[in-house]
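Chemist: Here it is: the structure, laid out below.
The values are calculated or read from the model by the stated rules, or taken from the named source; none is laboratory data. Everything numeric here is computed off the predicted structure, so don't read it as measured data. No Cβ is skipped: glycine too gets one built from the backbone with ideal geometry, and neighbour counts run over all protein chains shown. Remember, those area values only see protein heavy atoms, side chains included, never the ligands or the DNA or RNA. Shrake-Rupley method; radii C 1.70, N 1.55, O 1.52, S 1.80 Å.
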Amino acid sequence: ELGGLPLALNLAGAYIVETSCGLPGYLERLRRVSAGVFHTGDDAEGQPDPVAKAVHVTCEKVARAGSAVAALLYLCAFLAPDEIPEPLFSAGASVLSKPLQKLVSSPAKLNTALAALQKYALLERDSEIQALAMHREVQMALKSRLTIDEERAWIERTVRVIGSVFPLVEINDWEACQRLLPHAQICAELIDRWNLELVEGAWLLHHAGWYLHTRGEDAQAQMYEEKALVIYRAVLGNEHPSTAMILNNLAITYEDRGKLKDAATLHQQALAIRRSTLGENHADTAASLHSLALI
């Protein structure tokens, strides 16, 4: 019934143990799964794959639609699958829905929810490093339950979480930045694919780009900073201090890549914004003058 797939069998085994439904009871639940509840990732014959069916049966038990546990599960489905930091949820609580805020803001409630999801094999938990992991196939199966509009909504929520948390991390704390980088990279792909214009997305790209720049990964840093500039201009406008800041950072990246003319042009643009918005005597205006003088 599950095609002999180890992951699907593991999900089934966990469900049977936790519910004591027995093999006949599980088969009955499995066969009730309708292809109509899936929107993507189905096989060529229009039937959900074994992992998707097993995930659906489990979700009906532990993560009913609309519940805070379901919301937690879907948030994990849109993050990088490996090493999802548990503190990420409480740090990004301000941009989550009210039910999920209440769940992640209570260590006891969060622990209970994660323990239940772990028992049902929907995710794995490493208590030593306070991180979660979710199989890519489980992530795909969860996404297959969503409509296009629901998927976009979850993508926006995920970008807002990472975009609100990553800029709070000190850029020199490489270990903390590196833990968040895979999730930021996933979000960067989603921002590009879905053409998202969210200020949190710009923050995410901006901070990730500057972190990569400090590590000497200037090609990827430039790509992220250029995308951040486009969003800042679209959302905040050409005269915003954040636009000036990304112009400054992108100029420094250009400079380190030997693109001195491009760097000078961006520093001049940043200087003009800072003069008009912050004044001649502001420290950021002085920083732009200094950067331009070095060029």
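Chemist: Among the candidates Ala93, Ala121, Ala70, which residue alone is out of contact with any Leu (no Cβ under 7 Å at 6 or more places or on another chain), within 22 Å of Ala14 (Cβ to Cβ), among the small types (Gly, Ala, Ser) and open to solvent by less than 30 Å² (accessible area, probe 1.4 Å)? Steps first, please.
Modeler: Working: Ala93 fails: within 22 Å of Ala14 (Cβ to Cβ); Ala121 fails: out of contact with any Leu (no Cβ under 7 Å at 6 or more places or on another chain).
Just one listed residue meets the conditions, Ala70.
Chemist: Here's a check for you: in the stretch 66-80, which residue that is outside any helix (DSSP H, G or I) and under 15 Å from Ala153 (Cβ atoms) is modelled with the highest pLDDT? First the steps, then the outcome.
Modeler: First, the residues of the stretch 66-80 that are outside any helix (DSSP H, G or I): 66-67, 78-80.
Narrowing the set further to residues that are under 15 Å from Ala153 (Cβ atoms) leaves 66, 78.
Details: Gly66: 72, Phe78: 98.
Only one residue tops the list, namely Phe78.
Chemist: Considering the stretch 211-252 alone, what residues qualify as being touching a residue at least 12 places away in the same chain (Cβ under 8 Å) and charged (D, E, K, R)?
Modeler: Those that are touching a residue at least 12 places away in the same chain (Cβ under 8 Å) and charged (D, E, K, R): Arg215, Asp218, Glu225, Glu226, Lys227, Glu239.
Chemist: Further question: Could you tell me whether Leu247 is assigned to a helix (DSSP H, G or I) and open to solvent by 30 Å² or more (accessible area, probe 1.4 Å)?
Modeler: no
Chemist: To continue, here is another question. Scan Glu83, Glu150 and give me the residue that is at pLDDT 95 or above, within 21 Å of Val57 (Cβ to Cβ) and among the acidic types (Asp, Glu).
Modeler: Values: Glu83 fails: within 21 Å of Val57 (Cβ to Cβ).
Every option except Glu150 fails the conditions.
Residues are listed down the side, and each one gets a yes or a no for (1) modelled with pLDDT of 95 or more; (2) closer than 30 Å to Arg152 by Cα; (3) open to solvent by 60 Å² or more (accessible area, probe 1.4 Å):
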position	(1), (2), (3)
Glu1	no, no, yes
Ala12	yes, yes, no
Gly22	yes, no, no
Arg32	no, yes, yes
Asp43	no, yes, yes
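Chemist: Looking at Thr158, Thr147 in this structure, which one is of a type in the set (Val, Ile, Thr), in contact (Cβ under 8 Å) with a residue 40 or more places away in the chain and either open to solvent by 10 Å² or more (accessible area, probe 1.4 Å) or on the phi > 0 side of the Ramachandran plot (or both)?
Modeler: Thr147
Chemist: Give the stretch 177-189 a look and list any residue that's crowded, with 21+ Cβ neighbours inside 10 Å and more than 20 Å from Pro87 (Cα to Cα), or say none.
Modeler: Across the stretch 177-189, the qualifying residue is only Ala188.
Chemist: Inside the stretch 221-272, can you point out the residues that are in contact with a Phe, Trp or Tyr (Cβ under 6 Å, 6 or more places away or on another chain) and more than 13 Å from Leu294 (Cα to Cα)?
Modeler: Matches in the stretch 221-272: Ser242, Thr243, Ile246, Asn249, Asp262.
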